[in-house]
Structure formats: C-alpha cells, structure tokens
Amino acid sequence: MVTKEQTEKMIEIMQAHVDGKAIQVFTSCEWHELSDPSWDFKNFEYRIKPTPLEKWVVVNNETNMVAATFSNKADAENSYYFSLGACRIVHMKEVTDV
C-alpha cells in the first residue's frame, strides 16, 4: 500500500520530469540519469537530479583564508574585500558525480 506522502513524492518527481528537470533512478548502487522514464516506483527509487552548489569566494592572497562567499560573480567583484586588492575570486562548483 502506498501512503499519501509517497504518492505526493511520486507526483513531485513526475511533475519535475514534465517541467524538464533531470530525473535519476538508483540502480547498481548509484544514481543514473533518465531521458525517458518508465515509472516503476514499486521496484526503483527515483529523484530529481540535485543542482550542484555554486559559489564565488573571495580569498586572501597571502593566507588563502576565505574573506567572503557570494552567490554570483558580480557581487564578489563588487565586494569590499575584493576592492582592497589583496584578494582573488575563486569560482567553486560542487562535484556531485563521485
């Protein structure tokens, strides 16, 4: 028997597919992306592919310490810390396929 919460999760995943989001299925101990899912929630686990975290970090050139973190490059470039001239901007993107 499928609970209301399980049904809501199935609907959320299928709606994400309709909306063009990437869907993954868990098989052989890892997540695989699907282009055209044939839904079988009884035997397989599905999820919306996670979006990797992406940040722009202002780092002190001498100490390599993080001064500030931003969600976009423009904010990092316009930050007080970067304007001091002793820092650099490092673009960081999470690796999710390890």
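Quick note: the coordinates plus some simple rules give every number you see, no bench work behind them. Computed from a prediction, not measured in an experiment: that's the story for all the values here. Neighbour counts run over all protein chains shown; Cβ positions are idealised from the backbone, glycine included.
Just to verify a result, which residue in region 72-82, among those that are small (Gly, Ala, Ser) and surrounded by 11 or more Cβ atoms within 10 Å (Cβ to Cβ), is nearest to the chain's Cα centre (by Cα)?
76
Within region 46-93, which residues are in contact with a helix residue (DSSP H, G or I) (Cβ under 7 Å, 6 or more places away or on another chain), over 30 Å from residue 19 (Cβ atoms) and touching a residue at least 24 places away in the same chain (Cβ under 8 Å)?
Correct list: 58, 82, 87, 89.
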